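The values are calculated or read from the model by the stated rules, or taken from the named source; none is laboratory data. Only a predicted model underlies this, so the values are computations on that prediction, with no experimental measurement involved. All Cβ positions, even for glycine, are placed from backbone atoms using ideal geometry, and neighbour counts span all protein chains on display. Side chains are part of the model used for accessible areas, which takes the heavy atoms of the whole protein and leaves out ligands, DNA and RNA. Shrake-Rupley method; radii C 1.70, N 1.55, O 1.52, S 1.80 Å.
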Amino acid sequence: MPKMGESITEGTIINWLVQEGDSFEEGDILVEVATDKVDNEVPAPSAGKMISHKVSAKDVVPVGAVIAILELSGAVAKTPQTGDNEKSKTKKSALSQGALPKGKGRTNTRTTSSSSSKSFRVNENLFISPLVDAMARKHHISYEELARITGTGKDGRLRKSDVSSYLQEGRPFQFAQVVPEVSGFQVPDLKFDKGKGKIVEMDRMRQMISDHMVFSATTAPHVTAYIEADLTEMVNWRNKNKANFQKKHGEKLTFTPLFIEAVANAIKEYPMINSSLDGRNIIVKEAINIGMATALPSGNLIVPVVKNADKKDLKELAATTNQLVAKARDGKLKGDDTKGSTFTISNVGTFGSLMGTPIINQPEAAILATGIIKKRAEVIEKPDGDSIEIRSMMYLSLSFDHRIVDGYLAGSFLRKVGDYMEQFDEKRTI
């Protein structure tokens, strides 16, 4: 299993494209592997033959573990002509000692083992390994409490890291009332009319989105604040300059880089909004990495990340956002493209929504939703009297984690974002 990102520790086998016994050429895609929300293709390092698969589709495999045995025509060292058996032994030895070329997106045949522990059944809803069981006993965690922890292993099983994370979060389910359908004990016969219709199985990405949203909603106490911003100057400037901007810089000028610029500037003034919770500690992030919630043609959602947004000028922000959106829609995002966000923006206005109440992208502290920009008649206060003018207005909503962020910080930050948008310099050069 190759390492396909700085923070990637495991991958899920999606599909084998080369079957056992089949030959392949250098660069042919052997297997598709999923890491978080991004699918990756593992190419053949040289021509050869697929000897055997060591893992199956949907298996979760740690980085460095053997997923297949290959016979590579270009990787076998020359051996003395001592007979077929000796040649066979030499080939096998070369492969088992990691003779395959190492590199990005390529496999390493160093033999490792995923896990030697065997899970056992506590009840019909809960499987745990001896390691997890030992951790539970050490920390006096009941099976009912374990059943509430979201498992990230195969088929939702609990892993050591799941329990460790749960302990770091302060055991939020420790004193929760036992719910029979969660714990698996004496489940009542509750029946709901789900209706009839076409059954659509959730794909892997939709399942991950579902799990992530439920985890966030049940982990962080969400509060949402709203403001309205007058974007007339920003809209007029963009309409006037977008053609020249594309001609000069070769990039389309959407509102996204302008919004990211405003958010990054506001974060610099209110850095606590750029934080996450780690047990009893708050980590205030040094980097300002802005995630962009992006809809895919499949209807799913992904969040590519603009790294160090505060250090990029408008040209760089436009180029980065355009590139990430194009890669997302073409299915070409890499693992690192979706890693490391410290704050997320969701542009619900793209679909005509006035405003939204977004769910926080864990482990961040807040998420901003920008609504549709609409022209409305607004009362404008001036020294010589009020007037009614047609203005370009937009609602902004900030969902924040009330464990970390209080109303004063959230309201001040949101107002500052609105101020940066409203006080846009129409004389700004491109």
Mean separation of Cα contacts under 8 Å (at least 6 apart) over the residue count of the range 10-72, i.e. the relative contact order in percent, is 37
Counting only protein heavy atoms with a 1.4 Å probe and every protein chain in place, the carbon and sulfur fraction of the accessible surface of the range 130-169 in whole percent equals 48
Computed about the Cα centre, the charge dipole of the range 130-169 from +1 Lys/Arg and -1 Asp/Glu charges at the Cβ has a magnitude in debye, to the nearest 20, of 160
For 332-342, 131-141, ranked highest to lowest by mean beta-carbon neighbours within 10 Å, the order is 332-342, 131-141
